[in-house]
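The values are calculated or read from the model by the stated rules, or taken from the named source; none is laboratory data. If you're wondering where the values come from, they're calculated on a predicted model, not measured in any experiment. For neighbour counting, all protein chains shown are included, and Cβ atoms are generated from backbone atoms with ideal geometry for every residue, glycine included.
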Amino acid sequence: MKRTVPKVLKRTVPKVLTTNVLFCGTGGQGVLSAAEVLSWAAIYDGYHVKKSEVHGMAQRGGSVESHVRFGARVYSPLIPEGTADYLVSFLKDESLRMRPMLRSRGVDLTTDLEKAHGTIEEKKFLNSYLLGVLSRHVPISEASWFLAIDTVFAKKNPQGNKDAFLRGRGEMK
Amino acid sequence: MMKFLSGDEAVAQGAYEAGLQFAASYPGTPATEVLEYLAKFADVDAQWSVNEKVAFEVALASAIAGKRSLYSSKHVGLNVAMDPLMTSAYTGVNAGFIVVVADDPGIHSSQNEQDTRIFSRAAKIPMLEPANPLECYQYAPIAFKISEDFDTPVMIRLTTRVAHTKENISTAGTRNIAQRDFKIDAAKYVMVPGNAYRKHLALEAKLLRLKEYSNRTLLNSIELNRRSIGFIASGVSYLYVKEMYPEASVLKLGMPFPFPDKKAKEFASGVKRLFVVEELEPFIEEELVRLGIRKAKAKDPSFRIGELRPEFMPRIVAGKKKIEAEPTSRKPVLCPGCPHRAVFIALKSLKATVAGDIGCYTLGALPPLGALHSCLCMGTGVTFFDGFSRALGNNVVGVIGDSTFVHSGITGLVNAAYNRTKGVIIILDNSTTAMTGSQPHPATGMTAKGTQTKKLILEDLCKACGADHVDVIDPFRISELKALIKQRLNEASLSIIIARSPCRLIERSRSEAPHFDASKCKKCYQCLAVNCPAIFKTQDGLIGINAQTCTGCDVCVSACSFGALIKPKSRSPDQKPENRPQDL
């Protein structure tokens, strides 16, 4: 496992503005823990963070979505329709449904889903791979991402998750 | 210390730091995490109570006895506690008492959407309404102070988007406990007519003082920006206004009851156009009508249904109707290996009329199972069974979960036995409160604190309530279950069948998946009609089984009449997986 030279990261959103990331999929796919990792990474980078999702009946195989917003100060816990900067989908059908949430120049990471399935052998690391893909776009430091993975996956193989994250980030083959 | 807390957790953290010593609740989305968070503190006596009425009464008594206490539930849970709630404003408290209630606008996981602000006005109890987790944390100690200063319970209303939003909060981590003495005071705590009348007089005077407080407090604050447009909003609606109209002036109501009349009038006179933004009922709207503030424009009544979203704001301001979107989300479904599925397969084949109840098993109503025909509120698996079978005669079955039975089914069973109702009630005993995330209850023998306790024996309880027969069966023995239900329905008696097998979310052991023999498959798809997420139709019209999610429960095997689904050799036809309890 060797790390290649880090790429220059695209910073599509300036740090002072609110960044909106919408996660979607179904219960049990790791959607909620992915949103939790992004939230912690943003917290470690000094942002104000809000994350909103629904628990309960929906988790019995139903649609799951999580809204994560971070910036200098975040008001609404929900991303207003048509203003999501990134859509991180764990299921193709769900991303079709969520498309209207994306802003006109927003980035739909569903295109990376197939590649993720091809690259990741263990399904439980899929979310960390997708976070690695997302990390190429959002203004959060790698150190904060790692701290966040340690926080959320403390008892669930943090190293395996970091490896999957780096693969998604394109820094590890 | 930096924490990332949900609204539920933040109100619990705030209450803990303010010296909370006792908390009681019954699980219900989106309020469950309040008690779950408090149960983790060694120095808080926190309990899952049998139901909300019990929780409210135990917690109120603890406050009266001198310890700061808290009750929490979802909106419909408060309905169960209405009896003590309505008179608690009369007795007042002693040490502070907070009533945390989480509403579910949009009905994400409930049977209705009701607005608890109305209940605060009806019960004459002041209400605080935080907009985000930070305010939940900040309002909890304020609520205790109001409670003690005015000798009244204080309600804190959350909604799903407050309760289940997480936010980073810098917490103090300190804790101050100030216990009060308990004094015998019959005029205050014995609500007989003479005392109650005098307490009602005192309560009305107290409400006037609370209204003065509401006018004074910064919980209700005027944020003056552009005077051309102003909003009055409470809770998460305030954040949607700030998101979409950052330059507008806002009267933010952190304490909507008693309503701050003076502040509302002052704000209304200071802005040119005035809009009210609130979820569900027209609570603020009606207060403004009462005050004669005519310039206030309220939302179209179509917005009383469902939750608000930030993008709705422009339509509300324009006075337009809500656009009802077709729900496109995936429907929830019983988990692979869920024991409830086996019971519904049996009931469907018997063509029984089934009175249902509240829990995961309500999903048995959805097609293709369609084997549950009513669900109103906690306990109706027993009482609707009672009413149905008196009106319809035989072939009526009631189903109710173990936790729900303990919550509200017992009285219904006593009633059915007392009034000589005949038929079958099935207790779907998966040994947990599954839907809300596997909380313990009296029949599990565990407490909220994770300690062992006396275990309620459902068999003995049902017999004591007057059931003629109590059978315990493993629901995965579908043909035996079917025969048993049929037999009991044919007898002129009141029968309880306890279908006992643990929830797959607590008992995660699994057996090998069945094999599929394509040569025997007639493509009748009866196996798909069991509606299990682990079995699916392949592109060539045959059957596939997801070996990762299949638990090997064999419900699909029993659905196949042609032997195309075969139990793996790893278990003989009669062998039961070891984790399942023996029949009694």
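Taken together, the residues in region B:120-152 that are out of contact with any Ser or Thr (no Cβ under 9 Å at 6 or more places or on another chain) and buried (at least 24 other Cβ atoms within 10 Å of the Cβ) amount to 9. Show the residue pairs that are 6+ apart or on different chains and have beta-carbon atoms under 7 Å apart, the first residue being within region B:123-134 and on the phi > 0 side of the Ramachandran plot, the second being surrounded by fewer than 24 Cβ atoms within 10 Å (Cβ to Cβ) and not small (Gly, Ala, Ser). Here the result reads B:124/B:203; B:124/B:207, each pair linking region B:123-134 to a residue that is surrounded by fewer than 24 Cβ atoms within 10 Å (Cβ to Cβ) and not small (Gly, Ala, Ser).
Condition first: within 14 Å of chain A (Cβ to nearest Cβ), at positive phi, in contact with a helix residue (DSSP H, G or I) (Cβ under 9 Å, 6 or more places away or on another chain) and in contact (Cβ under 8 Å) with a residue 24 or more places away in the chain. Can you find one or more residues in region B:230-240 that meet it?
Yes, region B:230-240 contains a residue that is within 14 Å of chain A (Cβ to nearest Cβ), at positive phi, in contact with a helix residue (DSSP H, G or I) (Cβ under 9 Å, 6 or more places away or on another chain) and in contact (Cβ under 8 Å) with a residue 24 or more places away in the chain.
Every condition in (1) outside any strand (DSSP E or B); (2) facing chain B (nearest Cβ under 7 Å) is met by residue A:99 except one, and the failing one is (2).
Out of all the residues in region B:493-544, which are surrounded by fewer than 21 Cβ atoms within 10 Å (Cβ to Cβ), of a type in the set (Val, Ile, Thr) and within 18 Å of residue A:28 (Cα to Cα)? Correct list: B:506 only.
Could you identify the single residue in B:224, B:218 that is in contact with a Phe, Trp or Tyr (Cβ under 9 Å, 6 or more places away or on another chain) and of a type outside the set (Val, Ile, Thr)? Going through B:224, B:218 in turn, the sole match is B:224.
Would you list the helices (runs of 4 or more DSSP H) that sit entirely within region B:140-229 and hold 1 or more residues that are of a type in the set (Phe, Trp, Tyr)? Spell out how you get there, then give the answer.
Working: elements: B:160-163, B:186-189, B:193-216.
Result: B:186-189, B:193-216.
Please tell me if residue B:355 is hydrophobic (A, V, I, L, M, F, W, C), at pLDDT 95 or above and under 30 Å from residue B:51 (Cα atoms). So residue B:355 fits the description; yes. Which of the residues belonging to region B:360-371 are more than 10 Å from chain A (Cβ to nearest Cβ) and buried (at least 24 other Cβ atoms within 10 Å of the Cβ)? B:361, B:364, B:371 - these are the residues of region B:360-371 that are more than 10 Å from chain A (Cβ to nearest Cβ) and buried (at least 24 other Cβ atoms within 10 Å of the Cβ).
Residue check: is residue B:83 surrounded by fewer than 24 Cβ atoms within 10 Å (Cβ to Cβ) and without any contact (Cβ under 8 Å) to a residue 60 or more places away in the chain? The answer is yes for residue B:83. Please give the number of the condition residue B:294 fails out of (1) within 14 Å of another protein chain (Cβ to nearest Cβ); (2) in a loop (DSSP other than H, G, I, E, B). Among (1) within 14 Å of another protein chain (Cβ to nearest Cβ); (2) in a loop (DSSP other than H, G, I, E, B), residue B:294 violates only (1).
Of the residues B:316, B:284, B:345, the single one that is assigned to a helix (DSSP H, G or I), of a type in the set (A, V, I, L, M, F, W, C) and closer than 30 Å to residue B:535 by Cα is B:345. When only residues in region B:249-273 that are touching a Phe, Trp or Tyr at 6+ places or on another chain (Cβ under 7 Å) and free of Cβ contacts under 8 Å to residues at least 60 places away in the same chain count, which is farthest from residue B:143 (Cα to Cα)? So the residue we want is B:250.
Rundown of residues vs (1) within 14 Å of chain A (Cβ to nearest Cβ); (2) in contact (Cβ under 8 Å) with a residue 60 or more places away in the chain; (3) part of a helix (DSSP H, G or I), yes/no style:
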position	(1), (2), (3)
B:4	yes, yes, no
B:30	yes, yes, no
B:33	yes, yes, yes
B:41	no, no, no
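Out of all the residues in region B:12-25, is one or more within 14 Å of chain A (Cβ to nearest Cβ), buried (at least 24 other Cβ atoms within 10 Å of the Cβ) and either free of Cβ contacts under 8 Å to residues at least 60 places away in the same chain or under 16 Å from the mean Cα position of the chain (by Cα) (or both)? Break it down stepwise before answering.
Filtering region B:12-25 for residues within 14 Å of chain A (Cβ to nearest Cβ) gives none.
The answer is no, given that none of the residues of region B:12-25 is within 14 Å of chain A (Cβ to nearest Cβ), buried (at least 24 other Cβ atoms within 10 Å of the Cβ) and either free of Cβ contacts under 8 Å to residues at least 60 places away in the same chain or under 16 Å from the mean Cα position of the chain (by Cα) (or both).
Note on region B:298-346: among residues that are of a type in the set (S, T, N, Q) and within 14 Å of chain A (Cβ to nearest Cβ), the one that is nearest to residue A:65 (Cα to Cα) is B:329. Evaluated against (1) closer than 18 Å to residue A:65 by Cβ; (2) assigned to a helix (DSSP H, G or I), residue A:151 falls short on exactly one condition, (1).
Here the condition is being more than 28 Å from residue B:207 (Cα to Cα), within 14 Å of chain A (Cβ to nearest Cβ) and buried (at least 18 other Cβ atoms within 10 Å of the Cβ); of B:160, B:171, it holds for B:160 alone.
Just so you know, in region A:44-85 the residues that are in contact (Cβ under 8 Å) with a residue 60 or more places away in the chain and not in a loop (DSSP other than H, G, I, E, B) include one that is nearest to the other protein chains (Cβ to nearest Cβ), and it is A:44.
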